[in-house]
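Working notes, structure below.
The values are calculated or read from the model by the stated rules, or taken from the named source; none is laboratory data. Quick caveat: nothing in here was measured; it's all calculated off a predicted structure. Every residue, glycine as well, gets a Cβ built from its backbone with ideal geometry; the counts of neighbours run over all protein chains shown.
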Amino acid sequence: MTTRWRRASNGLYKAEVIHRKSWKNRAEVELATLTWVDWYNNRRLLERLGHTPPAEAEKAYYASIGNDDLAA
């Protein structure tokens, strides 16, 4: 993971989750974070990946190169 990518994803997370509401407690923030990370990795569709989620594209890539250990 590059620093540029980390900064970009951290900025998206803050804009889409943290700054959208007032939080009552830490547990509320943790649940919102887990929900966002799940969406970001497993449900977000990327055009450059053929409108598939990143996790699905990664799994397909490793399966295509015959590395089934990483495809699971």
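Looking only at residues that are in a helix (DSSP H, G or I) and small (Gly, Ala, Ser) in region 6-23, which one is modelled with the highest pLDDT?
Ala15
Only one of (1) over 16 Å from Tyr13 (Cα atoms); (2) exposed (fewer than 12 other Cβ atoms within 10 Å of the Cβ); (3) modelled with pLDDT of 90 or more; (4) not polar (S, T, N, Q) fails for Leu31. Which number is that?
(1)
Would you check if Glu28 is touching a residue at least 12 places away in the same chain (Cβ under 8 Å), over 11 Å from the mean Cα position of the chain (by Cα) and part of a helix (DSSP H, G or I)?
In short, no.
So which residues in region 1-54 are among the small types (Gly, Ala, Ser) and touching a helix residue (DSSP H, G or I) at 6+ places or on another chain (Cβ under 9 Å), if there are any at all?
Hits for region 1-54 are Ser9, Ala32, Gly50.
How many of the residues in region 14-26 are closer than 26 Å to Ala55 by Cα and of a type in the set (Gly, Ala, Ser)?
Count: 1.
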